There are 2 protein chains.
Amino acid sequence: MDRIPILKVGDCLLVTIQVDMHDELAMSLQEDLTMQIAKHASRGVLIDISSLEIVDSFIGRMLANIAAMSRVLDAQTVVTGMQPAVAITLVELGMSLPGIRTALNVERGMELLREFIGRDAEAEDVDGAEE
Amino acid sequence: MDRIPILKVGDCLLVTIQVDMHDELAMSLQEDLTMQIAKHASRGVLIDISSLEIVDSFIGRMLANIAAMSRVLDAQTVVTGMQPAVAITLVELGMSLPGIRTALNVERGMELLREFIGRDAEAEDVDGAEE
């Protein structure tokens with residue numbers, strides 16, 4: 001169990017984080033995820049953290065890094081399933097996860113991603129028409 | 001990390017098994033899964049085992065139990081992402097996972113579930129028409 005599985009669902013990639021993250025695992029997740037985005041030309045990444053009871057600055061930074069890397073590769077990232085207690089703690093600690101979009105659950109996250117992907121496609125059409 | 005998260009995706013529930021299963025975790029997964037099927041009236045269960053490098057008789061029995069429980073609750077189960085080495089070992093050990101449907105990856109598993117759900121719905125329509 002060295003790597004976190006990445007599931008391809010349509011245009012998007014789905015990752016559920018279930019185990020305690022450590023440096024090596026976070027690095028391999030970032031590497032695998034960027035590889036998979038490039039391989040499948042994925043437009044969205046959905047990260048479910050519903051089983052995490054603690055989100056510390058390390059996890060927060062990892063999520064921000066993944067979101068930034070995905071953005072560079074033209075994919076949107078949504079983090080879903082944050083437990084209420086985690087949200088409270090994050091804000092109390094002054095970590096409001098800037099640059100990371102969140103949704104209540106996977107279904108809403110998927111909807112959000114579809115919206116973003118649709119909007120990007122429209123913007124591209126407009127750009128294309130102008131050329 | 002006491003419980004394996006169960007994600008609701010449309011009509012189906014999605015579970016990715018990433019950690020070593022032990023008795024208690026298997027029991028709580030079965031319990032959670034049956035609760036979620038009943039709660040959301042789900043028609044399909046998709047279990048991804050792509051990160052499992054070993055599938056022994058305990059895991060095999062757990063998967064068979066989940067499939068049987070889901071069937072009783074009117075939901076179909078598909079196991080996806082089995083590693084080639086796991087498939088070889090299972091057959092060599094004489095465990096061919098009877099009663100468990102498998103698919104190569106989550107996308108194909110979803111397609112398979114949609115087919116089953118569609119077929120069930122058609123069968124119900126016919127039954128309804130005969131009454």
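Brief remarks follow.
- Label-point spacing at A:LYS8 relative to the other copies reads 2.9 nm, in ascending order, each point sitting 7 Å out from Cα along Cα→Cβ.
- Annotation for B:HIS22 and B:ALA87: the two label points, set 7 Å from Cα along the Cα-Cβ direction, are 3.2 nm apart.
- Within the shell defined by Cβ-Cβ distances under 14 Å, the residues around A:PHE58 carry a net charge of -3, with Lys and Arg each +1 and Asp and Glu each -1.
- Dimensions in Å of chain B - Rg and Dmax from alpha carbons: 15.1, 50
- Summed side-chain charge close to B:VAL106 - residues other than B:VAL106 whose Cβ falls under 11 Å, Lys, Arg +1, Asp, Glu -1: -1
- Fewest-first ordering of A:ILE47, A:ILE88 by other beta carbons within 10 Å of each residue's beta carbon gives A:ILE88, A:ILE47.
- Highest-MSF residue in chain B out of B:GLY99, B:GLY60, B:GLY109 [GNM, Cα springs under 10 Å]: B:GLY99
- Mean per-residue shielding of peptide B:105-115 is 2, counting Cβ atoms of other chains within 10 Å of each Cβ.
- Label separation (B:ALA41 vs B:ARG71): 2.4 nm, computed from points 7 Å beyond Cα along the C-beta direction.
- Helix-only arithmetic for chain B: the sum of -39500 (n - 2.57) across DSSP H runs with n ≥ 4, divided by the residue total, places the mean residue ellipticity at 222 nm at -17500 deg cm²/dmol.
- All other residues whose Cβ lies under 14 angstrom from that of B:GLU24 are scored, Lys and Arg at +1 and Asp and Glu at -1, for a net of -4.
- Each Cα pair under 8 Å and six or more residues apart adds its sequence gap; the mean of these over the residue count of segment B:27-131 is a relative contact order of 29 percent.
- Hull shadow area, averaged, the protein assembly as shown [alpha-carbon convex hull, nm²]: 17.4
- Spacing of the modelled spin labels on B:LYS8 and A:GLN30, each 7 Å from Cα toward Cβ, amounts to 3.5 nm.
- When each of B:VAL91, B:VAL15 is scored by the number of other beta-carbon atoms lying within 10 Å, the sequence from fewest to most is B:VAL91, B:VAL15.
- Cβ-vector label at 7 Å, A:GLU92, separations to other copies in nm: 5.3
No value in this document is a laboratory result; all are computed from the given coordinates. Remember, predicted model here, so these are calculated numbers, not experimental data. Neighbour counts are summed over all protein chains in view; Cβ atoms, including those assigned to glycine, are modelled from backbone coordinates with ideal geometry.
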